[in-house]
1. Cβ-Cβ under 7 Å, sequence separation 6+ or interchain: first residue in segment 193-215 and in a loop (DSSP other than H, G, I, E, B), partner small (G, A, S). Which pairs?
2. F223 passes all but one of (1) assigned to a helix (DSSP H, G or I); (2) more than 13 Å from the ligand (Cβ to nearest atom); which number fails?
3. Within segment 111-138, track down each residue that is part of a strand (DSSP E or B) and of a type in the set (G, A, S).
4. Residue check: is L217 of a type in the set (A, V, I, L, M, F, W, C), within 14 Å of the ligand (Cβ to nearest atom) and either surrounded by fewer than 16 Cβ atoms within 10 Å (Cβ to Cβ) or over 29 Å from N164 (Cα atoms) (or both)?
5. Quick one: which residue in L166, L158 is assigned by TED's automatic domain parsing to the domain that holds A218 and either within 13 Å of the ligand (Cβ to nearest atom) or free of Cβ contacts under 8 Å to residues at least 24 places away in the same chain (or both)?
6. Could you tell me whether segment 156-178 includes any residue that is at pLDDT 95 or above, crowded, with 23+ Cβ neighbours inside 10 Å, assigned to a loop (DSSP other than H, G, I, E, B) and among the β-branched types (V, I, T)?
7. Can you say whether A55 is more than 15 Å from the ligand (Cβ to nearest atom), of a type in the set (A, V, I, L, M, F, W, C) and farther than 22 Å from S103 by Cβ, as far as the supplied structure shows?
Amino acid sequence: MTTKINFNGEILDHLSISVFDHGFLFGDSVYEVVSTFKNQPCFLNKHLDRLYASAKAISLKVPRDKEWFQRELKNTLSAAGNDESYIRIIVTRGVGEVNIDPSSCEQPNIILMVMDVTEYPKSCYEKGIQVALVSIKRNPRDSLNPNIKTGNYLNNVLAKMEANKLGAQDAIMVNPWGYLTEGTTSNLFFVREGHIFTPSLECGILSGITREMVIQLAKENGFHIEEGKWPGEELFKAEEIFLTGTLKKVMPVSHLDGRLVGAGKPGPITQKLRRLYDDLISEKA
Ligand SMILES: Cc1ncc(COP(=O)(O)O)c(C=O)c1O
């Protein structure tokens with residue numbers, strides 16, 4: 001039950017960060033959330049690739065290489081000594097003047113948070129969760145591209161608040177043109193007539209690592225899976241809906257806007273993919 005914070009290579013119990021860091025002032029940062037299996041990071045290489053890609057997309061030069069992250073994370077995980085950990089890797093623009101121009105920020109800060117993990121309750125996987133199709137739109141790709149994982153999540157925070165008000169556990173957003181995108185911290189899949197569908201990257205989504213794995217597993221196991229563009233209303237015709245994400249893994253959805261999805265319990269394809277994904281995690285570790 002220990003939290004350890006690695007700040008630019010120094011392992012600490014607590015961290016206070018400067019209010020002049022542009023990560024704090026403007027959400028000018030990138031991040032990754034990584035899960036563990038037997039306290040070893042899952043898919044770390046893929047998360048680091050995405051971290052570098054996100055940083056590049058906002059012209060933020062990460063001052064350390066992959067080996068540095070791997071080594072520091074290993075040390076921080078062993079200093080925390082948890083059974084399983086929640087890992088958050090953050091790279092901020094660093095300290096600068098209090099104006100939006102990042103050119104005064106000389107040195108990015110790297111923070112590795114290692115904490116005890118709070119898993120989703122078993123009941124969520126057994127019963128499914130409730131989601132709402134909210135009015136807040138996912139950012140278009142030519143604004144802050146949803147495929148860049150930045151520390152600026154306010155759009156998703158607003159969507160989550162709207163879902164909470166509607167009595168749902170998560171929100172599904174459409175893009176400004178009304179096409180399905182994703183959840184606030186997860187990717188979206190749905191099933192119709194035995195086929196699996198998921199919004200394509202063109203709709204404006206994060207290219208989720210769990211999404212990528214689930215697509216691969218679905219293909220390897222003979223499912224018909226299609227990435228594409230579907231209007232929000234299509235989701236009401238789904239027989240099954242599930243969300244994917246590092247922490248959620250494969251999470252069944254039982255209700256959409258208070259209406260039952262299929263039989264209102266996890267469907268067979270969702271359950272099958274959930275099992276395949278869990279097996280993959282334990283095999284890879
Ligand atoms: C907006 C968004 N979409 C999708 C995901 C799922 O990505 P991953 O499977 O890599 O965790 C996340 C994860 O945090 C997210 O924030």
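The values are calculated or read from the model by the stated rules, or taken from the named source; none is laboratory data. As the structure is a prediction and not an experimental result, all values here were calculated from the model. For neighbour counting, all protein chains shown are included, and Cβ atoms are generated from backbone atoms with ideal geometry for every residue, glycine included.
1. Pairs that qualify, where the first residue is in a loop (DSSP other than H, G, I, E, B) and the partner is small (G, A, S), are S200/G228; G208/G245.
2. (1)
3. Taking segment 111-138 as the starting set, the residues that turn out to be part of a strand (DSSP E or B) are 111-116, 129-133.
Answer for segment 111-138, where residues must be part of a strand (DSSP E or B) and of a type in the set (G, A, S): just A132.
4. On the way: of a type in the set (A, V, I, L, M, F, W, C): yes; within 14 Å of the ligand (Cβ to nearest atom): yes; either surrounded by fewer than 16 Cβ atoms within 10 Å (Cβ to Cβ) or over 29 Å from N164 (Cα atoms) (or both): yes.
Spelling it out, L217 is indeed of a type in the set (A, V, I, L, M, F, W, C), within 14 Å of the ligand (Cβ to nearest atom) and either surrounded by fewer than 16 Cβ atoms within 10 Å (Cβ to Cβ) or over 29 Å from N164 (Cα atoms) (or both).
5. On the way: L166 fails: either within 13 Å of the ligand (Cβ to nearest atom) or free of Cβ contacts under 8 Å to residues at least 24 places away in the same chain (or both).
Just a single option satisfies the conditions, and that option is L158.
6. Within segment 156-178, not a single residue is at pLDDT 95 or above, crowded, with 23+ Cβ neighbours inside 10 Å, assigned to a loop (DSSP other than H, G, I, E, B) and among the β-branched types (V, I, T).
7. On the way: more than 15 Å from the ligand (Cβ to nearest atom): yes; of a type in the set (A, V, I, L, M, F, W, C): yes; farther than 22 Å from S103 by Cβ: no.
Judged against the criteria, A55 is not a match.
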